[in-house]
Amino acid sequence: MIPIDPVADIKLPKEEPGEIPDEKILQEQEDKKYLSIYDTHRFLESYKNTRYYELFFILLHTGLRIGEALALEWCDLDLKHEKLRVYKTLNRVTKYYDSKGNELPERYSTIQITTPKKSASNRKVPLTDAVIAALKKISRSDFYNIFRKKLSSIISSNRMQADCWDC
């Protein structure tokens, strides 16, 4: 049915016959950086009746990075087409110069909403009915209050300034 073989140019790594060494198995297990379905359910269950449940639910079901989720605004949601537009992220940035271009006597970190590092990070994420329901449970004020309180704790613990609360 397919006119060409999509895997024709792929070369498999050469494996020595016999058992896989224990070190290789351990390395493969360390390379897995995801939660199992069981662990995901356990994690969400532990946050079930907290204000962060919907945030974690959305992160786990969309694959958004935390900075992308924290930079979201309601205008980024297209509920009609069940899509979420990702084109910005929340970053910690070190300030070297003031707004006039003068070098600062002391550098400091600040939180800003910026564009992603890679253009491939700009994307539209499909939303499931469950994610849409979770988004609808978060009011606009809760949406920002949850994130601002989290950011306030980050800022106070790291002596940072927030340049972009209402971007």
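Read-outs throughout are calculated quantities, based only on the coordinates presented, and are distinct from any laboratory measurement. What you are looking at is a predicted structure, and each value in this text was computed from that prediction instead of being measured.
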Rg in Å to one decimal, and Dmax rounded to a whole Å, for the range 49-129 via C-alpha atoms | 16.1, 51
Could you give the Stokes-Einstein D for the range 61-105 in µm² per second, using the C-alpha Kirkwood radius, 25 °C, 0.890 mPa s?
-> 189 µm²/s
